[in-house]
Amino acid sequence: MNSESSVSAAGGREQALLARMKAGIESVFLGKSEAVELVLSCLLAGGHLLIEDVPGVGKTVLARALARCLDCSFARVQMTPDLLPSDIIGVSVYSQSRGEFEFKPGPIFANVVLADEINRTTPRTQSSLLEGMNDFQVSVDGSTYPLPRPFIVLATQNPYEYEGTYPLPESQLDRFLLKIRIGYPEAADEKRLLEGHRLADRLAELSPVVTADDVLRIQEHVRSIAVEQSVVDYAMEIVSRTRRHERLAVGVSPRGFLGLVRGAQALAAIEGRDFCLPDDVKRLAVPILSHRVIARRRSESPAVCAGIIQEVVNSVEVPV
């Protein structure tokens, strides 16, 4: 078998695994194919995901379904006001038998970490996730500990309930590759929730389809997806216009530009292509960029920022 055939066979295996993951999640999370593809894009691009929506639309179900499809370690942290950074990172305790302090790792030392209702914990505890999300390591008492790979933080929050919450600072929002909203299901899909097994049963029956090594291999494949210069220029023009927009005080960061290209590569892989299209960038611009900008009027809602990003995207000519 020549090298070209080997690459093609490897790509076929990865595509089959991605199809099984998508089908598995959609068997539990009904009628939201777009949200599922965005979640998988985030995972394959090596980023972190913020799911923001009203209660009861399935934010936690979506996160848990992804975790069930991965044969990886999973930890769920219910964020509360009394939670401490050591409850997430871990703590050093004195071992009498060994006569020295021993580090007890916290839930962040899992491949998939679900930070449920992240805006209900204090900024101090929220910031305990920053080093892990950015550098895939944590520092405790002068020692640095690497996190397992792959590593992804899935955070949820309710954007409409403000009492007793602590909005995420811009520096933390910028660590999330995507921020998505799920929305209400269609009537037919909502009725299907009553049919067959209960939702908890379907989640329990969901079997892992990929291992940690599979995910790392697919992530490596995603980084090799071809991105033509015209697509890079298209993404750069969108980002540049946010920095000059009259209604924005802060435009998209360089991390946001890199994330937009990485996300486009991941989306191309999910759709079975070994090259990116301008439409990949266009499709991901709002979920990747809208939470990275700051409106001049601080009172304006995140929906306004999303509208501005969409306006910018519509104003940039799509390369042929």
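The values are calculated or read from the model by the stated rules, or taken from the named source; none is laboratory data. Being a predicted model, the structure only gives us computed values, none of them experimental. Because the Cβ atoms are built from the backbone with ideal geometry, glycine has one as well, and the counts that use them run over all protein chains shown.
In the range 302-320, which residues are among the small types (G, A, S) and in contact with a Lys or Arg (Cβ under 8 Å, 6 or more places away or on another chain)?
S315
Pairs under 6 Å by beta carbon, first residue closer than 16 Å to S171 by Cα in the range 105-130, partner assigned to a helix (DSSP H, G or I) and among the β-branched types (V, I, T), six or more apart or different chains?
S128/I88; S128/I89
Check off (1) modelled with pLDDT of 95 or more; (2) out of contact with any Asp or Glu (no Cβ under 8 Å at 6 or more places or on another chain) for R298 and give me the number that stays unchecked.
Just one mismatch for R298, condition (1).
Out of the helices (runs of 4 or more DSSP H) lying entirely within the range 53-150, which hold 3 or more residues that are farther than 21 Å from S41 by Cα and not aliphatic (A, V, I, L, M)?
85-89, 123-126
So if I check each of V222, V232, V318, V261, which one is of a type in the set (V, I, T), surrounded by fewer than 18 Cβ atoms within 10 Å (Cβ to Cβ), more than 21 Å from P159 (Cα to Cα) and out of contact with any Pro (no Cβ under 9 Å at 6 or more places or on another chain)?
V232
With (1) surrounded by 20 or more Cβ atoms within 10 Å (Cβ to Cβ); (2) in contact (Cβ under 8 Å) with a residue 40 or more places away in the chain; (3) closer than 19 Å to Q157 by Cα as the list, and F29 as the residue in question, which single condition is left unmet?
Unmet for F29, out of (1) surrounded by 20 or more Cβ atoms within 10 Å (Cβ to Cβ); (2) in contact (Cβ under 8 Å) with a residue 40 or more places away in the chain; (3) closer than 19 Å to Q157 by Cα: (2).
Would it be correct to say that I238 is outside the structural domain of D274 (by TED's automatic domain parsing) and surrounded by 18 or more Cβ atoms within 10 Å (Cβ to Cβ)? Don't jump to the end; show me each part of the working.
Working: outside the structural domain of D274 (by TED's automatic domain parsing): no; surrounded by 18 or more Cβ atoms within 10 Å (Cβ to Cβ): yes.
No, not satisfied.
Checking E117 against (1) loosely packed, with under 14 Cβ neighbours inside 10 Å; (2) within 30 Å of P55 (Cβ to Cβ); (3) in contact with a strand residue (DSSP E or B) (Cβ under 9 Å, 6 or more places away or on another chain), which test does it fail?
Exception for E117: condition (1).
Filter the range 255-300 for residues that are touching a residue at least 12 places away in the same chain (Cβ under 8 Å) and among the polar types (S, T, N, Q); which is farthest from Y234 (Cα to Cα)?
S290
Going by the structure shown, is A9 in a helix (DSSP H, G or I), assigned by TED's automatic domain parsing to the domain that holds P208, under 22 Å from P148 (Cβ atoms) and modelled with pLDDT under 85?
Working: in a helix (DSSP H, G or I): yes; assigned by TED's automatic domain parsing to the domain that holds P208: yes; under 22 Å from P148 (Cβ atoms): no; modelled with pLDDT under 85: yes.
It is false that A9 is in a helix (DSSP H, G or I), assigned by TED's automatic domain parsing to the domain that holds P208, under 22 Å from P148 (Cβ atoms) and modelled with pLDDT under 85.
Could you please tell me which pairs satisfy a Cβ distance under 9 Å, a separation of 6+ or placement on different chains, a first residue in the range 233-246 that is in a helix (DSSP H, G or I), and a second residue that is surrounded by fewer than 15 Cβ atoms within 10 Å (Cβ to Cβ) and among the acidic types (D, E)?
Y234/E317; E237/E317
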